[in-house]
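Down below is the structure, laid out as structure tokens.
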Amino acid sequence: MKPLSNLSASDRLVVDQTGFALWVASFRQTLHSTPAGWFVAAWMAWGRVPEKNLLSWLVLFFVVWMMGLLSIGRALKEGCDQQTHGPRMRFMAALDGMAWGLLGWLLAGHDVLLDPFLVALLCGVSAVNAQAYVPYIRGYYLQSGLMWCVSVLGLARYASQQYSLDLIMAFSVFQVLMFYHSSRIANRVREGISLQLANATLAQQLRGLLTKVRTDAATDALTGQGNRRALDELLKQQQEFSVSTGQPFSILMLDIDFFKKINDAHGHLVGDDALRSFAQRLRDCLRQGDVCTRYGGEEFLIVLPLTPLPVALEVAERLRQAVAAEALPTTPPLAITVSIGAATYKAGQTIDALMAAADAALYMAKRSGRNQVQS
């Protein structure tokens, strides 16, 4: 786990933002359970404190509670951005703490047996809030800190009574322990958030790397077209689709005419450049859905899904004319032609038989003078 001190400033901002968003969601859940605390306090104080004090506290707390829910709803709706909503949410946490702390002002000091129960209730509130606020410990410091200050000041009004001093001491010790342990847990939570974010980033990088590896494994490094591995998988898929649907597919086997002369006359670097330019020209002329692969050397194989033989021959002739019409943009420019053999998959035929048929058609095109299409 990467220590927080070793995080960059941008990473710390991400951790802070994530912790803030988690706290806002937890704050809402805490407020939803707050009325249960009102009920407990009102039940314990009923008949023991002046009704005016109890009613004032309930009304004040209800107003703060509604303000908190509205502020949280707005923050959640707008994305819980810490910079935008942080000051308002911290202010609501402080108001929430003040409302609880007013127990010490409005309800304490009227009954010797009631006061310990009220302090115990405040301890419980602090403990519950510690769990909800721990992703964003500053909110907890504000809420519980202000609750402690207001309640202790309220209890201190009765400091002449020994039990009030005992309650102040007990609540103070409890709150100090809560602050200490909550800060340690908060650091662990923040480190956990940092680790999760790092793992998510790593997982994304690994997915990207795996995709690249798979792409590289199925791509010819020179021309950027699919290689034999990709071709074998594609033909298998096309065969399965044709068997299940009865739809035809065709293949074109292409061979650059007299390619050896290019290597002999200009060198292999120019030859490689010619292969790249030739592959680009094929891509520019193919229909959407057609797939070009490098079969080996100067031979290419094109898969034409959902294409019967007559249409395949039209596509092949268009490719042949496009290659012969303009020299390749190499240095020097090279005028080339291509021979093409076409074949269409037949029911019950194997892939090897289909490839052999296209190869035989290509051989016929070469024997017949090259720069032509045969099937």
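Condition check for residue 333 on (1) touching a strand residue (DSSP E or B) at 6+ places or on another chain (Cβ under 8 Å); (2) surrounded by fewer than 19 Cβ atoms within 10 Å (Cβ to Cβ); (3) on the phi < 0 side of the Ramachandran plot; (4) not β-branched (Val, Ile, Thr): one failure, at (1). Any residue at all in region 267-282 that's in the same structural domain as residue 365 (by TED's automatic domain parsing), on the phi > 0 side of the Ramachandran plot and not β-branched (Val, Ile, Thr)? Yes, region 267-282 contains a residue that is in the same structural domain as residue 365 (by TED's automatic domain parsing), on the phi > 0 side of the Ramachandran plot and not β-branched (Val, Ile, Thr).
Could you go through region 143-155 and let me know if any residue there is in contact with a His (Cβ under 9 Å, 6 or more places away or on another chain), aliphatic (A, V, I, L, M) and assigned by TED's automatic domain parsing to the domain that holds residue 61. Looking through region 143-155, none of the residues is in contact with a His (Cβ under 9 Å, 6 or more places away or on another chain), aliphatic (A, V, I, L, M) and assigned by TED's automatic domain parsing to the domain that holds residue 61. Any chance region 129-138 includes a residue that's farther than 24 Å from residue 71 by Cα and among the hydroxyl-bearing types (Ser, Thr, Tyr)? No, that holds for no residue.
To keep it simple, each residue is scored yes or no on (1) modelled with pLDDT of 90 or more; (2) crowded, with 16+ Cβ neighbours inside 10 Å; (3) not in a loop (DSSP other than H, G, I, E, B).
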position: 264; (1), (2), (3): no, no, yes
position: 282; (1), (2), (3): no, yes, yes
position: 287; (1), (2), (3): no, no, no
position: 294; (1), (2), (3): no, yes, yes
position: 300; (1), (2), (3): yes, yes, yes
position: 310; (1), (2), (3): yes, no, yes
position: 316; (1), (2), (3): yes, yes, yes
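Among the residues of region 30-53, those identified as more than 44 Å from the chain's Cα centre (by Cα), over 14 Å from residue 117 (Cβ atoms) and surrounded by 12 or more Cβ atoms within 10 Å (Cβ to Cβ) are 50, 53.
Just to verify a result, which residue in region 308-355, among those that are free of Cβ contacts under 8 Å to residues at least 12 places away in the same chain and touching a Lys or Arg at 6+ places or on another chain (Cβ under 9 Å), is nearest to residue 257 (Cα to Cα)? Among those that are free of Cβ contacts under 8 Å to residues at least 12 places away in the same chain and touching a Lys or Arg at 6+ places or on another chain (Cβ under 9 Å), it is 326. Filtering region 312-341 to residues that are more than 12 Å from residue 282 (Cα to Cα) and under 44 Å from the mean Cα position of the chain (by Cα) leaves 312, 329, 330.
Every condition in (1) out of contact with any Leu (no Cβ under 8 Å at 6 or more places or on another chain); (2) under 26 Å from residue 59 (Cβ atoms); (3) of a type in the set (Gly, Ala, Ser) holds for residue 86 except the one numbered (2).
For every residue, the table says whether it meets (1) at pLDDT below 85; (2) outside the structural domain of residue 102 (by TED's automatic domain parsing); (3) farther than 30 Å from residue 114 by Cβ; (4) in contact with a helix residue (DSSP H, G or I) (Cβ under 9 Å, 6 or more places away or on another chain).
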| site | (1), (2), (3), (4) |
| --- | --- |
| 180 | no, no, no, no |
| 194 | yes, no, yes, yes |
| 216 | yes, yes, yes, no |
| 241 | no, yes, yes, no |
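Within region 240-257, residues that are at negative phi reach partners that are acidic (Asp, Glu) with beta carbons closer than 7 Å, at six or more positions or on different chains, in the pairs 253/299; 253/359; 254/299; 255/298; 255/299; 256/298. Residue pairs whose Cβ atoms lie under 7 Å apart, separated by 6 or more positions or on different chains, with the first residue in region 42-69 and closer than 14 Å to residue 100 by Cα and the second buried (at least 18 other Cβ atoms within 10 Å of the Cβ) and among the polar types (S, T, N, Q), are 65/34. If you check 96, 166 for being of a type in the set (Asp, Glu) and at pLDDT 90 or above, only one passes: 96.
With respect to residue 56, determine if the residue is surrounded by fewer than 17 Cβ atoms within 10 Å (Cβ to Cβ), of a type in the set (Ser, Thr, Tyr) and either under 17 Å from residue 125 (Cβ atoms) or in the same structural domain as residue 123 (by TED's automatic domain parsing) (or both). Considered against the rule, which asks whether it is surrounded by fewer than 17 Cβ atoms within 10 Å (Cβ to Cβ), of a type in the set (Ser, Thr, Tyr) and either under 17 Å from residue 125 (Cβ atoms) or in the same structural domain as residue 123 (by TED's automatic domain parsing) (or both), residue 56 comes out as yes. Of the residues in region 60-70, at least one is crowded, with 18+ Cβ neighbours inside 10 Å, within 22 Å of residue 171 (Cβ to Cβ) and assigned by TED's automatic domain parsing to the domain that holds residue 141. The set of residues in region 349-373 that are in contact with a helix residue (DSSP H, G or I) (Cβ under 9 Å, 6 or more places away or on another chain) and surrounded by fewer than 20 Cβ atoms within 10 Å (Cβ to Cβ) comprises 349, 350, 351, 355, 371, 372.
The values are calculated or read from the model by the stated rules, or taken from the named source; none is laboratory data. Since this is a predicted model, take the numbers as computed values, not measurements. Note that we place each Cβ from the backbone using ideal geometry, even for glycine, and neighbour counts take in every protein chain shown.
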